[in-house]
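Each value in this text was obtained by applying a stated rule to the coordinates, not by laboratory testing. Predicted model, so just to flag it, every value in this text is computed and none were measured. As a convention, Cβ positions derive from the backbone with ideal geometry for all residues, glycine included, and neighbour counts pool all protein chains shown.
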Amino acid sequence: MQKIHAAITAVGGYVPDYILTNAELEKMVDTTDEWIISRTGIKERRILKGEGKGSSDMAVEAIKVLLAKRGISPTDIELVICATTTPDMQFPATANIICDKVGMTNAWGYDVNAACSGFIFALTTGAQFIETGRHKKVIVVGVDKMSSIMNYEDRATSIIFGDGSGAVLLEPNEDGYGLMDSILRTDGSGRVHLHQKAGGSVKPASMETVMNKEHYVYQEGQTVFKFAVKNMADVAAEIMERNNLTSETVSWLVPHQANLRIISATGDRMKLPAEKVMVNIQKYGNTTNGTLPLCLWEWESKLHKGDNIVLAAFGGGFTWGSTYIRWAYDGADVNK
Ligand code: UT7
């Protein structure tokens, strides 16, 4: 009997309407459009506006797109794994809230927190439930409302991040398509360089933590950059080698969209021409858990059955990883 692989069979995405441009940021912090584009590649990012709106609201929209494309009902879904660093609340898990809002009443769910690598970690976890035969329909959704933890007085972080969500449906495939391999890594000693200082059990929220702006993203950009360039490129090269993939046989690199320079370094290391590298950082910035599925959503119509696709990410933790997927369907067929 053929091994069961977890194949992506549908993709959905959602970005909020509000566009925060570099020109607008120039009025908020001491920066320039030219600096932001040359150092990061970002021109604009999306921001979720509206009282009472959180990550779950964006994930819901992405999942609705996916369900409609696949022509299935919310009640067909058995498990939802939500990768997020900006959950609606500390608890319960955002996955539970999403299930309720979409009407996925037969599903159970939980969140995965691996910062910018969260989508890859959640995808690999979700695939296990398909591979073991336990479930037949699993949704993995990556979502972040980064604007909720952004200090718009800090030019080093506010220019990078944006809001958005993407989701994929996993189903069993016995014809050799789907998630073929993953390499996942963590190094907790890197936590000092990228984290949120307060709001957890070590330093619960207080007047003092709010006054000290400790609920925002803290990032030592240059240090994180150095680790990201090395580790994302290394792990992408490692997964190629382990699966006998070459720059000719890889159809697409789907890189985490943190910085155009990190993306280019990873593509170069894999010896891929720029046309094979998905880049939408100029439009959305770094949406943390949203970047990879948002790329799949945008490029879906160009993907062909049998395409060899390599996903790669690096993020807070530190966490990083790469996943190799043999794409299971012709994207043009579902986007007619
Ligand atoms: O997604 C999860 C993981 N995160 C990442 O992968 C992010 C990795 N890091 C980066 O992408 C980059 O480090 C940043 C985009 C955050 C910063 O770029 P950089 O080229 O590393 O800049 P830098 O921090 O070394 O700063 C260079 C200069 C500094 O001025 P001085 O000290 O040389 O006078 C900064 O103060 O640029 C200054 N600077 C800015 N200038 C204009 C920092 N931010 C800005 C800004 N506008 N927004």
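Structure above, values below:
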read-out: Beta bridge orientation in region 5-176: antiparallel %, DSSP, nearest 5; value: 70
read-out: DSSP loop GluC sites (Glu not before Pro) with at most 14 other Cβ within 10 Å: longest gap in the chain; value: 52-152
read-out: Distance between modelled label sites at Ser201 and Ser38, nm, 7 Å Cα→Cβ extension; value: 4.7
read-out: Difference of contour (0.36 nm per residue) and Cα-Cα distance, Gln90 to Glu24; value: 20.6 nm
read-out: The chain: calculated mean residue ellipticity at 222 nm from DSSP helix runs of at least 4, using -39500 (n - 2.57); value: -9500 deg cm²/dmol
read-out: Efficiency of FRET between Thr249 and Glu208 - r from beta-carbon atoms, R0 41 angstrom, step 0.05; value: 0.15
read-out: Computed lengthening from Arg261 to Val334, 0.36 nm per intervening residue step minus Cα-Cα distance; value: 23.0 nm
read-out: Which of Arg134, Arg46, Arg261 has the fewest Cβ neighbours within 10 Å, and the rest in rising order; value: Arg134, Arg261, Arg46
read-out: Computed E for Arg242/Ile72 - FRET, C-beta separation, R0 35 angstrom, nearest 0.05; value: 0.55
read-out: Region 180-334, relative contact order in percent, only Cα pairs under 8 angstrom and at least six apart counted; value: 33
read-out: Where a label projected 7 Å from the Cα of Thr223 along Cα→Cβ would reach, residues of region 150-181 with amide N under 12 Å; value: none
read-out: Neighbour-count order for Lys69, Lys49, fewest beta carbons within 10 angstrom listed first; value: Lys49, Lys69
read-out: Percent RCO, i.e. relative contact order, over the chain, from Cα pairs under 8 Å lying at least 6 residues apart; value: 25
read-out: DSSP bridge pairs, the chain: antiparallel proportion in percent, nearest 5; value: 70
read-out: Candidate aspartates and glutamates for bridging to Lys213, where Cα separation is under 17 Å - those fewer than 8 sequence places away on the same chain excluded; value: Glu153, Asp154
read-out: Gain upon complete extension [Asp100, Gln128; 0.36 nm per residue less C-alpha separation]; value: 7.7 nm
